[in-house]
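What follows draws every value from the coordinates through simple rules; no lab data is involved. Predicted model only: the values in this text are computed from it and were never measured. In this analysis, Cβ positions are derived from the backbone assuming ideal geometry, glycine residues included, and neighbour counts consider all displayed protein chains.
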Amino acid sequence: MQYCRVSSVAEAVDELTRWGAEGRVLAGGTDVMPRFLQGEQVPAALIDIGGIEGLQGISEVGGVTSIGALVTMRRLATASLIALRHPALSQAAAAVGAWQTQTVATLGGNICSAASTADTLPALLVAGAQLTLVSKSGRRRIGLEEFLEGPGTTALRPTELLRAVELEPLGERSAEGYLKVARRSSMDVAVVGLALRLHVSPSGVIDGVRIAMCGGDRSAHRVPAAESVLLGTQLSDESGAFTEARAALADAVGPGDSVESQYRRRVLPGLFGRLAGRCSAEISGVVA
Ligand SMILES: Cc1cc2nc3c(=O)[nH]c(=O)nc-3n(C[C@H](O)[C@H](O)[C@H](O)COP(=O)(O)OP(=O)(O)OC[C@H]3O[C@@H](n4cnc5c(N)ncnc54)[C@H](O)[C@@H]3O)c2cc1C
């Protein structure tokens, strides 16, 4: 196996073109290395992108937040811009493993691994994440929803590098958050994770809602059935629409009768109740 350490996006793209499906990008290595050491995935070349300075930035231009693929979970969990503009992502990053993992695990790695349990994905989905991918033939942008094709499967081509992620800002009269249930309170992947973003009009009507979940047999995904029952209702109508949304979320787990599915169905409504209560209190504080 060849080890290639690259120091620019151009060099990385050259190596990706050279190795194609035989090569594998190495970022923080928290997914790649365990698989490599266990002999599950042994590529002909590991292309180490860890030294590319240009993939490390967090910036905000015209209200849109751009995050480089190499930004670690620890940085996401501690950066004030992320806490302020994208609290769900900040909370999701803080929920990834323990701090040792967070120190090296990158956002790009979490997205490209596309595990069904990946914590940042629901938070990115509610922020309308757009990905920038680069290859020898230029760059293309793709929405995260379209990028995620199934657990562990994405629209990333073997010759492409994920460069950055752009997120829609959290506007006025809006709030968001992420909550996760795992077997242990830390260092374990999500049995279920839930992100919610709510936006209300000046009169308190919910005019924007995004709900996304991870865990289970599917990739992280939005839950349109739960979103649509909330849209157009009064934020203060917690007993009506919020109860319907809880039921829609339990349905979104699917028909499976495994113990895990039954458990997810049981915990999701409560998880939603806590998140919705938190978001609603935050917004009400602003509206009042
Ligand atoms: C002990 C432990 C606990 C964990 N707990 C959690 C958890 O609670 N929640 C959770 O979501 N995850 C968890 N993980 C999984 C892992 O830490 C994350 O998925 C992490 O974000 C992966 O990032 P990385 O930089 O280590 O990726 P790597 O392992 O370097 O790469 C992962 C995959 O993405 C590809 N890749 C990486 N960057 C790019 C790029 N820029 N362009 C193209 N392809 C790229 C690689 O080729 C590889 O296929 C855990 C892992 C460990 C070892």
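Descriptive notes on the structure:
- Global form of region 1-52, assessed from the alpha-carbon gyration tensor, a/c cut-off 1.5: oblate
- For region 223-231, Karplus couplings with θ = phi - 60° (6.51, -1.76, 1.60), whole Hz, Gly/Pro x: 10, x, 5, 6, 5, 5, 6, 8, 4
- Acute angle (nearest 10 degrees) that the helix 241-252 long axis makes with the longest principal axis of the chain, alpha-carbon atoms: 40 degrees
- Karplus 3J(HN,Hα) series, Hz, for region 99-105 with 6.51 cos²θ - 1.76 cosθ + 1.60 (x for Gly, Pro): 4, 4, 5, 4, 5, 10, 5
- When you restrict to C-alpha pairs under 8 Å that are six or more residues apart and normalise by the size of the chain, the relative contact order lands at 15 percent.
- Protection proxy ranking for 123-134, 144-155, 265-276, 30-41, using the average of other Cβ atoms within 10 Å per residue and placing the highest first: 123-134, 265-276, 144-155, 30-41.
- Backbone amide hydrogens, once placed in the peptide plane, bring Thr154 within less than 5 Å of Glu149, excluding anything fewer than 5 places away on its chain.
- Separation of region 209-245 from region 77-124 is 22 Å, based on Cα centroids.
- Distribution of pairwise C-alpha distances over the chain, 5 Å bins, in %: 1, 6, 12, 17, 18, 16, 12, 8, 5, 3, 1, 0, 0
- Here the calculated FRET efficiency for Ala21 and Ser228, from their Cβ-Cβ distance with R0 = 41 Å, stands at 0.55, rounded to the nearest 0.05.
- Antiparallel bridges, percent of DSSP beta bridges restricted to the chain (to nearest 5): 85 percent
- Distance (nanometres) between label positions extended 7 Å along Cα→Cβ at Thr243 and Val61: 5.0 nm
- Acute angle (nearest 10 degrees) that the helix 9-19 long axis makes with the longest principal axis of the chain, alpha-carbon atoms: 70 degrees
- Distant-in-sequence amide contacts of Val71, defined by a placed amide H-H separation under 5 Å and a gap of 5 or more residues or a different chain, comprise Leu107, Gly108.
- Here the 3J(HN,Hα) profile of region 127-132, calculated from phi with Karplus coefficients 6.51, -1.76 and 1.60 at θ = phi - 60°, is 9, x, 4, 10, 9, 10 Hz, Gly and Pro shown as x.
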